[in-house]
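Some notes on the structure that comes next.
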Amino acid sequence: MNANFVWRDADRTVVFQDGAVASARQLLAEHGMEPFELLSTRRHLGGATALAAAASAVHELAPADPATAVPAGAAALLDSVRAPNLVALGGGRTIDTAKAVAAVTGARVAAIPTTLSGAEMTGIHRLPAGAESRVRAMVRPALVIAEPEAMTSAPEAELRASAMNALAHAADSLYTPFANPVSEMTALRGAELIATALDQDPTGRDRENLALGSILSGYAIDSGMFALHHVVCQTLVRVCGTPHAGTNAAILPRAMAFMAPRTPDNLEPLAEALGTTPDQIAPRILELGGNPPGLGDLGGDRDKLPEAIDAMLLRPELAFAPEPPTRSDLEALVETAW
């Protein structure tokens, strides 16, 4: 399969091609993203010497607490980012930090994803700590440089967890009040591609399907928004300290099993895209995720669960789910995933 393409969508361009990372400097110039400053991590900067050399400044993100990484990291950069363009090379934390900075500075963002986080496709992100009043607008990257090999380079267990995060973008967007024909189409196609890739060899010939499925699923959630699944996962990460991708992998099968009977018209097509039936959607997602570990095995702080449930119930997005869950529903869902 050769899926190289350029997708122009309003004020955003997505370049999806083999070797895109090596060509990033040229692509940035072609799309008017110079001069630029580069935001990345030590691991990714080690393989991007040419890109770093072309940048007017390089900002290295240090390892951080997942609960505060984006707000704190973005706040620390606000006084040092000067260029009109900010290039983010890395996973979801890196890209979301760039978007958060740009929400205050007005910079344009180019995203070069190295995971299946989907952050490159959305205007959904947290804000710099202490600078909320200075935010101009939420930011969606203007240029996405997507290379399948870079996006799927993680070891298989990590890759499957990242893929469940991508699948969750498709699944959660299907039953909100903002779901629409385009978001539904991209969600179902993205889910189908992810399932097809994971049924084969996720680190082999199906890299393109997995990466493309992630791109489409990210588009879907940006358009259709989110509800139960992401409310639960985001809150657990922030309050209980569980890792982002692993939390998605643990919660997604339980969240979809909870939602399937409440919104069958929306989730029966998802089950079909995954090659199963609504009553088997949980075991099917567990299979696709490689039977991931529970939240307790991921290092979550169980003592903070009551606080997390309180925070979930305060999230307005919870009301986007048909028959919104009660406290006891949320407690049962999280308990089954623990």
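Just so it is clear, none of the values below were taken in a lab; they were calculated from the coordinates. All of these numbers come straight from a predicted model, not from anything done at the bench. Ideal geometry is used to build each Cβ from the backbone, glycine not excepted, and the neighbour counts take in all protein chains shown.
Given the peptides 4-12, 240-248, arrange them by the average over their residues of other C-beta atoms within 10 Å, most packed first. Provide the component values of the computation, followed by the final result.
Working: 4-12: 11.1, 240-248: 24.4.
With the highest mean Cβ count within 10 Å placed first, the list reads 240-248, 4-12.
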Hey, what's the Kirkwood Rh for segment 5-150 if you take every pair of different alpha carbons, in angstrom? 14.8
Just Gly91, Gly300, Gly218 to compare: in a GNM of the chain, with alpha carbon springs under 10 Å, which one fluctuates most? Gly300
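Want the number for Met138 to Ser23: 0.36 nm per residue separation, take away the alpha-carbon distance, what's left?
On the way: separation 115, 0.36 × 115 = 41.40 nm, distance 2.79 nm.
Answer, rounded to one decimal: 38.6 nm.
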Within the set Ala187, Ala321, Ala110, GNM on the chain using Cα springs under 10 Å gives the largest fluctuation to Ala321
Principal axis lengths of segment 184-247 from Cα atoms, whole Å, largest first? 38, 25, 14
What FRET efficiency would be calculated for the residue pair Glu331, Asp297, taking the C-beta separation as r and a Förster radius of 25 Å, to the nearest 0.05? 0.85
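In nm, what is the difference between 0.36 nm times the number of residues separating Glu158 and Gln280 and their Cα-Cα distance? Spell out each step's value before the answer.
Details: separation 122, 0.36 × 122 = 43.92 nm, distance 2.39 nm.
That works out to 41.5 nm of additional length.
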Dividing the mean separation of Cα pairs under 8 Å (6+ apart) by the residue count of the chain yields a relative contact order in percent of 15
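Give me the net charge of Ile221's neighbourhood, meaning all other residues with Cβ under 14 Å from the Cβ of Ile221; Lys, Arg count +1, Asp, Glu -1. Don't jump to the answer; show the numbers that get you there.
Working: positive: Arg140, Arg189; negative: Asp96, Glu120, Asp172, Glu184, Asp222, Glu317.
After counting each charged neighbour, the total is -4.
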Nearest 500 deg cm²/dmol is fine: what mean residue ellipticity at 222 nm does the chain get from its DSSP H runs of n ≥ 4 alone, each adding -39,500 (n - 2.57), divided by its residue count? -15000 deg cm²/dmol
Total formal charge among the other residues, if their Cβ is under 12 angstrom from that of Gly275, Lys/Arg +1 and Asp/Glu -1: -3
Give the distance, in whole Å, between the Cα centre of segment 247-312 and the Cα centre of segment 6-59. 35
Cα gyration tensor shape for segment 155-337, rounded if a/c is under 1.5, else prolate or oblate: oblate
Name all residues of segment 73-107 having a backbone nitrogen under 18 Å from the label point set 7 Å from the Cα of Ala311 along its Cα→Cβ direction, giving them as ranges. 73-75, 93, 97
